[in-house]
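The values are calculated or read from the model by the stated rules, or taken from the named source; none is laboratory data. The structure presented is a predicted model; accordingly, all values stated were derived computationally and were not measured. Cβ: placed from backbone, ideal geometry, glycine included. Neighbour counts: every protein chain shown. To get the accessible areas, we keep the full protein, side chains included, count just its heavy atoms, and leave off ligands, DNA and RNA. Shrake-Rupley method; radii C 1.70, N 1.55, O 1.52, S 1.80 Å.
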Amino acid sequence: MNPLYSELKSILECDIEVIKKGKLKNSNSQTLIQIEPTLDLLIHRSLNALETILVVKWLEKNTEADFDTASRLLLEPNGYKAFEPLQKFPVILWRILYKENQEDVIAMIASTFETDRIIHLNAHESVVLVSKCVVTPLELQGTLESEALTPVKIIIGNKVTKASELYNAYRQLVEIADLAQSIKQNSQVVTYDAWVFPMLIKQLKRALNEGSFGHHSFIEEMMHAHIRPVGDSELEQTALVFFENNLNITETANKLFIHRNTLIYRLNKLEGITGYDIRKFNDAINYYLSYLGDKIS
């Protein structure tokens, strides 16, 4: 249960539940207070009008304070110090990016992750500290797009075991999203596990740029020899879609809305430029690493 509700439970000396809106109606022994567009707080005690107003004001004040603390948790290196006792671990960060209809998105996220902490950083970004996955990222992305009517991208992080790791875990999600954009990776769901190699190459190139390996190092010479720029955005995008469809000619052609012979022509052209026939597993790996080395700065 949200720590605020636990504290309110102690103040009112009665049980409190979070329920879906409309599930129950006020009775002589219970009081309902709306906390989200689709959620109510069920207080197992009858409150008069003044008591209800005081509880609402108390919730508003403390929710605002909790929002500031939660935001600091992700945005400040030491923000966890005021937050650590309030969160159970391990968790996985889900960074949810959306363009519009914030209220609808927030309501749907709240109803999906009823027991997890949700941090709304701005009008286009929410982060969920997921303790147990009740839906897959792809299912959530599809549901949000179809029902909240807004483009959505979800970036899934690595497991976080303590609050002091949350700041770096969030920065990692931001870096992965930026990296995906820089190499023109258009997947709507991006996971940490799938981005280990791109992140490693970025760190390697950063170390090379900083001279950590010394001048004219063996690693620098290897990368220079291996990276073979294509210089054709259409061919590069074709290769990325080919990888996304597990090197399947038919599925890739359908995805690109082109004839399979056109796809084969492009793959042959790519081989002529780079020397890699990406229909072969080893060549596909070598081309992908070459592509990453070319695009990642």
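Worth a mention:
- Here K255 qualifies as out of contact with any His (no Cβ under 8 Å at 6 or more places or on another chain), closer than 17 Å to N186 by Cβ, of a type in the set (D, E, K, R) and without any contact (Cβ under 8 Å) to a residue 40 or more places away in the chain.
- Being open to solvent by less than 40 Å² (accessible area, probe 1.4 Å) and in contact (Cβ under 8 Å) with a residue 40 or more places away in the chain is a property that L173 has.
- When region 261-280 is filtered for residues that are open to solvent by 70 Å² or more (accessible area, probe 1.4 Å) and either within 19 Å of K184 (Cβ to Cβ) or modelled with pLDDT under 95 (or both), the ones remaining, listed by number, are K269, I273.
- So L292, is it open to solvent by less than 20 Å² (accessible area, probe 1.4 Å), of a type in the set (A, V, I, L, M), touching an Asp or Glu at 6+ places or on another chain (Cβ under 8 Å) and outside any loop (DSSP other than H, G, I, E, B): no
- Any hit, region 229-246, residues being in contact with a Phe, Trp or Tyr (Cβ under 8 Å, 6 or more places away or on another chain) and loosely packed, with under 14 Cβ neighbours inside 10 Å: no
- Residue in region 128-145 that is within 29 Å of F242 (Cβ to Cβ), polar (S, T, N, Q) and open to solvent by less than 30 Å² (accessible area, probe 1.4 Å) present: yes
- Residues satisfying the stated conditions in region 204-222, i.e. surrounded by 12 or more Cβ atoms within 10 Å (Cβ to Cβ) and assigned to a helix (DSSP H, G or I): L204, K205, R206, A207, L208, I219, E220
- Of the listed requirements (1) in a helix (DSSP H, G or I); (2) in contact with a strand residue (DSSP E or B) (Cβ under 9 Å, 6 or more places away or on another chain); (3) at pLDDT 80 or above, F67 misses just one: (3).
- L42 being open to solvent by 80 Å² or more (accessible area, probe 1.4 Å), over 30 Å from K162 (Cα atoms) and at pLDDT 85 or above: no
- The set of residues in region 113-127 that are part of a loop (DSSP other than H, G, I, E, B) and open to solvent by 30 Å² or more (accessible area, probe 1.4 Å) comprises E114, T115, A123, H124.
- Cβ pairs under 9 Å, 6+ apart, first in region 184-210 and in contact (Cβ under 8 Å) with a residue 40 or more places away in the chain, second open to solvent by less than 40 Å² (accessible area, probe 1.4 Å) and among the polar types (S, T, N, Q): Q188/Q141; V189/Q141; P198/Q185
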